[in-house]
Amino acid sequence: MTDLSQKIKEITTEKSGVTRLTLTDYRNYPTLRIETDIEPIVITGENGSGKTNILESLSFLTPGRGLRGTKLSDIKRIGTSPFASIQKETEWSIAAEILKNNEHHSIGTALQKNIRETEETLQRFDRRIVKIDNQKITQQAELGKYISAIWVTPQMDRLFLGGPQPRRSFLDRLVYAFDLEHAKRTANFEHLYRQWYQLIKSGHNDHHWLSSLEADMSALGVAIAAARREQIARLNTFITNEPDDIFPDVKLELDGLIEKKLDTEPAIEVEDFYTAHLAQQRQNILYNDSIDGVNRTDFRVYFKKKDLPAELCSTGEQKALLISIILAQTKCQILHQSFAPILLLDEVTTHLDEKKRDALLQKILELNLQAWITSTEPQNFTALNGKARFFKLENNNLFC
Ligand SMILES: Nc1ncnc2c1ncn2[C@@H]1O[C@H](COP(=O)(O)OP(=O)(O)OP(=O)(O)O)[C@@H](O)[C@H]1O
Ligand SMILES: [Mg+2]
C-alpha cells in the first residue's frame, strides 16, 4: 500500500455521509424517509420508480442546482398532496442528518415561497433556503465545509462527445471541492458577462461602465482560469503517481485562451490582456454568441496508453475514463478536505464489462465511504452482498 493510500484509509476510518434523509413534496415523493449507515447503498427499481430523484435530493445538500441542474420550481411534487389542507411556506424540502468525521450535523434545504412588495404590485418569487444545524445560512458555499458529493449520471456517458458546456461545468464542479469560492466566481462572471452583453446590445455605449465591467470580468476570469489549471495539474499528478490497476490512466488538458496564457505569463499581465481583449471585442459580441475567454474554455481527456482522445474511444472506454477521473478526484478530495465525499452513482455500471463493474464496486468498498448506487438491475451487485445496504423502490416507498 502506498503512503497516499494509507493516508486515505486513515482519514476514512472517521465516517462521513448521510445517516438520515427526509423528503417532503419532492418530485414523485409526497414524503420519504431513509435511515442508513455510512456504507454503500444500492437502490434498485423499475424505470420511473424514483431512483434518480433520491440521488438528486442528496446532491441538493451541496451548493448549486443539483445533479440535473434543474429549475428549482420543477421539483415541487405534481399531484394531490396529503398536506394540501396545511398552509405551507415551502414548496418542497429536504432534511438530512449527516456525519462529518463522526461529528453529527443537520442540513435542511427547501424552496421557500416569498412575496416582494413593489410600488404597484406584490411579486411572488421562490428562493432556496439552507439551514445548517438549524441556523439559516446566506452563502450556500458554507455547505462545502460539511458535506461534499461527487456524481456520475447517465447524461455524463456523452460527456466527451458534443459541445464543451457540460465538460466545463463538470470541470468547475471538480474545482469547487478544492476552492469553495470558485462557484461564486463563475456565477459572478456570468452575471457580469450578461450585463456587459446587454449593455452593448442596447447600444448604450457608456465607456466607463463597460470598462469597469471588463476590469471586473478579467480579474474574476483570471482567478477562475488559475483555479482550473491548479485542479487539472493536481489530478494529472495524482494519476501519474498513483495509477489505477484496472481503470485506464488519463491525461487531462485545458483548452482555453486565458488558461493557456497563464502557462507563460504572470497573472497580472494576463489580466491586462483579458481587459483589453474584452474591450476590443465589444463590437464582435453582437455577431457571435460569446467571445473567447473563460466562458468558452474546454477540457480534453486522453486515454494515455493508447494516446487517443476520449471522444475517439469506445463507449465503455469513455465510461472507464470518466470513472478514472472520478476515482482520482475522490481520493484527492479525501486528502485535501480530510473528510470523504459521498458518491452519487446513477446507473454507473452501464457500459462497463463485468471485470470493470466488479472492480469499481471493490474500489468503493476499499475507499470505505458512502456511495449511493442506483440501478434497474439488482443482479449486477452480487459483489456487494453482505457489504452494502440494499433497498428496492416500489410505489414511492423503499423496501429493504
Ligand atoms: N415534480 C414532479 N412531480 C411528480 N413527479 C415527478 C416530478 N418530477 C419528476 N417526477 C417523476 O418522478 C418519477 C421518478 O423519476 P426518476 O428519474 O427518479 O426515475 P428513475 O427510477 O431514476 O427511472 P429510470 O430508471 O428511468 O432512470 C418519474 O415518473 C418522473 O416523471
Ligand atoms: Mg434514473
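The figures follow:
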| read-out | value |
| --- | --- |
| Region 289-389: Rg to Rh, with Rh as the Kirkwood radius over Cα pairs | 1.04 |
| For region 103-116, Karplus couplings with θ = phi - 60° (6.51, -1.76, 1.60), whole Hz, Gly/Pro x | 8, 7, 9, 10, 10, x, 9, 7, 9, 9, 7, 10, 10, 10 |
| Dipole magnitude of region 161-312, debye to nearest 20 (Cβ charges: Lys/Arg +1, Asp/Glu -1, about Cα centre) | 360 |
| Loop-resident sites, region 1-90, for GluC sites (Glu not before Pro), counting at most 16 other Cβ within 10 Å (DSSP) | Glu14, Glu46, Glu89 |
| Computed magnitude of the charge dipole of region 200-239 (debye, nearest 20; Cβ of K, R +1, Cβ of D, E -1) | 260 |
| The chain: Rg to Rh, with Rh as the Kirkwood radius over Cα pairs | 0.98 |
| Dipole-positive endmost among Pro30, Asn53, Ala233 within the chain (Cβ charges, Cα centre) | Pro30 |
| Alpha-carbon gyration tensor eigenvalues x 5, square-rooted, for region 147-243, Å | 32, 16, 11 |
| Charge dipole (debye, nearest 20) of the chain; +1 at Cβ of Lys and Arg, -1 at Cβ of Asp and Glu | 740 |
| Mean Kyte hydropathy of 0.0 or more with a Cα span along the axis of at least 18 Å, helices from DSSP in the chain | 207-241, 267-280, 315-337 |
| Distant-in-sequence amide H partners of Thr31 (H built 1.01 Å from N, under 5 Å) | Asp25 |
| Among Arg124, Arg173, Arg357, residue whose mean-square fluctuation peaks in a GNM of the chain (springs only between Cα atoms under 10 Å) | Arg124 |
| Computed over region 161-312, the ratio Rg/Rh where both radii use C-alpha atoms and Rh is Kirkwood | 1.03 |
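Readers should treat all values here as calculations from the given coordinates under stated rules, not as data from a laboratory. Quantities reported herein were computed from a predicted structural model and do not represent experimental measurements. Glycine also receives a Cβ, built like all others from the backbone with ideal geometry; neighbour counts cover every protein chain displayed.
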